[in-house]
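The values are calculated or read from the model by the stated rules, or taken from the named source; none is laboratory data. It should be emphasised that the depicted structure is a prediction, and the values quoted were computed from it without experimental measurement. Counting neighbours? That spans all protein chains shown, and the Cβs are built from the backbone with ideal geometry, glycine included.
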Amino acid sequence: MKYTSTRDSSKIFTASEAIVKGISEDGGLIVPIEYPQVGLDFINVLGELDYPERAAEVLKLYMDEFDKEELLDYARKAYSRFDGDPCPVVKIDEMLFFMELWHGPTCAFKDMALTLMPYLLVASKKKIGRDDKTLILVATSGDTGKAALSGFQDVEGTEIIVFYPSEGVSEMQKLQMITQEGENVHVAGIKGNFDDAQTAVKAIFNDKTAIDTLAKLNITMSSANSINLGRLLPQVVYYFSAYTDMVTTGQIDLGDKVNFVVPTGNFGDILAGYYAYKMGLPVNKLIIASNQNNILTDFFHTGEYNVERKFYKTMSPSMDILISSNLERYLYDIFGRDSDQIAKIYADLKETGVFSVDLNKVDLSSGIFESGWADEEETKEIIGDYFDNYGYVMDPHTGVAASVYTDYCGETEDETKTIVLSTASPYKFPRDVYSAMGGTERDNYKCMSKIQFQSGLPCPESLYYLREKKIRHTTVVERDETLKAVMNFISDDNQE
Ligand SMILES: *Cc1c(COP(=O)(O)O)cnc(C)c1O
């Protein structure tokens with residue numbers, strides 16, 4: 001399998017090159033030249049395998065230069081860090097199922113890829129003969145930062161620096177990051193919101209002086225954000241896994257179609273579902289669920305993508321995003337894989353903050369995407385309803401998806417069995433979840449105890465005992481001091 005850039009089709013990469021690079025030099029995202037095709041027999045066989053084996057089978061289709069045994073070895077190591085099955089499918093009623101993607105070390109779905117990606121990165125570097133140190137720079141709105149720190153902790157040949165918006169993440173998310181252990185990890189707050197952090201980090205990637213200074217120390221920068229192919233591919237696996245579980249448990253017959261509802265921010269998770277569909281997974285609809293930052297809903301309904309709008313801070317912070325990076329990979333398909341058009345669209349977006357697609361000429365949904373959004377009230381209400389009616393507790397991101405699904409059912413009368421992607425443990429957002437369940441307690445840890453007592457869902461120890469962990473990272477920097485902070489972290493390390 002070969003890969004190319006969404007902004008320059010003359011470029012060709014292997015999977016290893018793509019994972020080491022993260023992004024193409026022209027600013028484009030790296031995409032497969034074609035989607036590997038599988039039949040129902042392939043899906044059927046997956047049903048007999050455990051999750052790491054399923055991962056090896058699916059990833060092998062995208063990564064020629066890796067052996068299946070090698071991929072299986074990495075997947076076994078990665079998913080051994082999960083508490084039980086990495087992707088259990090929970091039945092709510094005859095129609096509705098949740099696939100829970102948060103049983104990993106940091107309790108959010110980012111672990112599904114970020115436990116595995118460090119192995120893929122280290123192996124990819126070997127395969128293309130690189131022995132430099134990789135500096136992973138991350139800007140996070142909450143969940144990616146911790147999952148990346150946990151995944152890259154003490155991984156040979158890597159160093160990781162995470163910047164979080166000092167006022168833009170939840171308390172639990174912040175505590176998870178600033179207590180992170182490891183010899184090669186650094187964490188700093190940036191005064192500002194997520195967009196400020198993201199802009200500051202992006203500027204460093206393109207800073208010539210930074211690149212040259214680091215090169216003299218034999219260090220190259222890379223990214224663990226969801227634009228990296230090493231994040232995207234492991235996410236394709238769980239769509240197959242959930243589907244095949246539905247077959248083996250008799251919920252559907254092999255070949256029946258299902259819907260997936262995906263709480264969406266950067267369009268990474270749902271794009272993985274689109275890849276699974278393009279490979280041959282029987283899918284009826286992929287439903288994009290947004291919170292109040294509903295730019296994607298507007299785009300799919302009107303064809304206009306306009307970032308000049310109000311930014312809302314919501315209780316689903318990992319979806320508080322206006323520029324959904326991975327949408328570019330989908331648009332590349334929509335525009336007939338014409339990289340010149342994509343380059344132009346993104347140049348327009350950069351210049352004017354808006355681009356438009358003519359819905360009379362372009363089939364934006366491909367007949368597969370639906371979209372909707374939920375506000376804060378609706379999200380709270382649905383979390384409360386599901387707890388009251390089914391005894392099921394979900395986090396606010398998942399709540400957004402459940403609310404959008406309810407609207408979708410009301411509008412369409414679609415009777416296809418539906419799987420909602422549950423993306424975080426409710427214990428990551430104890431105060432909002434407990435409040436949605438009707439509680440008035442404000443202390444996070446007391447809320448955890450109450451949720452556990454009322455629902456019976458065990459609270460992950462890694463969250464409950466956070467308050468006893470030593471705080472190790474106290475740096476907070478001004479926006480324009482981000483680069484200086486990176487250089488300080490690096491020089492401290494070189495003196496040790
Ligand atoms: C990151 C995240 C999302 C959004 O995923 P994207 O790939 O950015 O669309 C949804 N829910 C949770 C809990 C997340 O951490």
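Would you mention how many residues in the stretch 371-392 are outside any loop (DSSP other than H, G, I, E, B) and crowded, with 20+ Cβ neighbours inside 10 Å?
Number satisfying all stated conditions: 9.
Tell me whether the stretch 310-317 contains one or more residues that are on the phi < 0 side of the Ramachandran plot, of a type in the set (K, R) and in contact with a Ser or Thr (Cβ under 9 Å, 6 or more places away or on another chain).
Within the stretch 310-317 (the criterion being on the phi < 0 side of the Ramachandran plot, of a type in the set (K, R) and in contact with a Ser or Thr (Cβ under 9 Å, 6 or more places away or on another chain)), the answer is no, since none of the residues qualifies.
Taking the stretch 35-49, which residues are farther than 25 Å from S16 by Cα and not in a helix (DSSP H, G or I)?
Across the stretch 35-49, the qualifying residues are G39, G47, E48, L49.
Return only the number of the condition from (1) more than 16 Å from the ligand (Cβ to nearest atom); (2) part of a helix (DSSP H, G or I) that E441 does not satisfy.
With respect to (1) more than 16 Å from the ligand (Cβ to nearest atom); (2) part of a helix (DSSP H, G or I), E441 is out only on (2).
For residues that are in a helix (DSSP H, G or I) and away from the ligand (no atom under 16 Å from the Cβ), tally how many sit in the stretch 307-334.
Final tally of qualifying residues: 3.
Could you check, for the stretch 413-421, whether at least one of its residues is more than 18 Å from K91 (Cα to Cα), out of contact with any helix residue (DSSP H, G or I) (no Cβ under 8 Å at 6 or more places or on another chain) and not in a helix (DSSP H, G or I)?
Checking the stretch 413-421: at least one residue is more than 18 Å from K91 (Cα to Cα), out of contact with any helix residue (DSSP H, G or I) (no Cβ under 8 Å at 6 or more places or on another chain) and not in a helix (DSSP H, G or I).
Which pairs turn up if I take residues in the stretch 104-121 that are closer than 19 Å to E461 by Cβ and of a type in the set (A, V, I, L, M) and look for partners that are within 10 Å of the ligand (Cβ to nearest atom) and part of a helix (DSSP H, G or I) with beta carbon separation below 8 Å, at least 6 apart in sequence or on another chain?
What qualifies is A108/D143; A108/K146; A108/A147; A108/S318; A108/K428.
Return the residue satisfying two criteria in turn: it lies in the stretch 144-158 and is crowded, with 21+ Cβ neighbours inside 10 Å and of a type outside the set (G, A, S), and of such residues it is nearest to the chain's Cα centre (by Cα).
The extreme case among them is T144.
Output the number of the condition that Y427 fails; it satisfies all remaining conditions of (1) farther than 23 Å from K146 by Cα; (2) among the hydroxyl-bearing types (S, T, Y); (3) not in a loop (DSSP other than H, G, I, E, B).
Answer for Y427: the failing condition is (1).
Conditions: (1) under 27 Å from V262 (Cβ atoms); (2) more than 16 Å from the ligand (Cβ to nearest atom); (3) modelled with pLDDT under 95. T416 meets all but one. Number of the miss?
(3)
Within the set of pairs 6+ apart or on separate chains, which have a first residue in the stretch 306-334 that is without any contact (Cβ under 8 Å) to a residue 60 or more places away in the chain and of a type in the set (F, W, Y), a second that is in a loop (DSSP other than H, G, I, E, B) and within 12 Å of the ligand (Cβ to nearest atom), and C-beta atoms under 6 Å apart?
Partner pairs satisfying both residue conditions: Y312/N293.
Looking at the stretch 88-147, which of its residues are of a type in the set (D, E) and either farther than 30 Å from I204 by Cα or within 16 Å of the ligand (Cβ to nearest atom) (or both)?
Going residue by residue through the stretch 88-147, those that are of a type in the set (D, E) are 93-94, 100, 111, 131-132, 143.
Residues satisfying the conditions are D93, E94, E100, D111, D143.
Which numbered condition trips up L463, out of (1) assigned to a loop (DSSP other than H, G, I, E, B); (2) in contact (Cβ under 8 Å) with a residue 60 or more places away in the chain?
Result: L463 passes all but (1).
Inside the stretch 5-34, can you point out the residues that are assigned to a loop (DSSP other than H, G, I, E, B) and surrounded by fewer than 16 Cβ atoms within 10 Å (Cβ to Cβ)?
Residues satisfying the conditions are E25, D26, I33, E34.
Would you mind telling me which numbered condition in (1) over 26 Å from D196 (Cβ atoms); (2) at pLDDT below 90 D358 fails?
(2)
Residues in the stretch 33-63 that are touching a strand residue (DSSP E or B) at 6+ places or on another chain (Cβ under 8 Å) and touching a residue at least 40 places away in the same chain (Cβ under 8 Å): how many?
The total comes to 1.
Quick one: would you say S325 is within 26 Å of V31 (Cβ to Cβ), among the hydroxyl-bearing types (S, T, Y), modelled with pLDDT under 95 and surrounded by 16 or more Cβ atoms within 10 Å (Cβ to Cβ)?
The answer is yes for S325.
Can you give me the number of residues within the stretch 166-177 that are touching a strand residue (DSSP E or B) at 6+ places or on another chain (Cβ under 6 Å) and not small (G, A, S)? Give the steps one after another, and end with the answer.
Pass one, the stretch 166-177, residues touching a strand residue (DSSP E or B) at 6+ places or on another chain (Cβ under 6 Å): 166, 177.
Imposing the further condition that a residue be not small (G, A, S) reduces the set to 177.
Adding up the residues that qualify gives 1.
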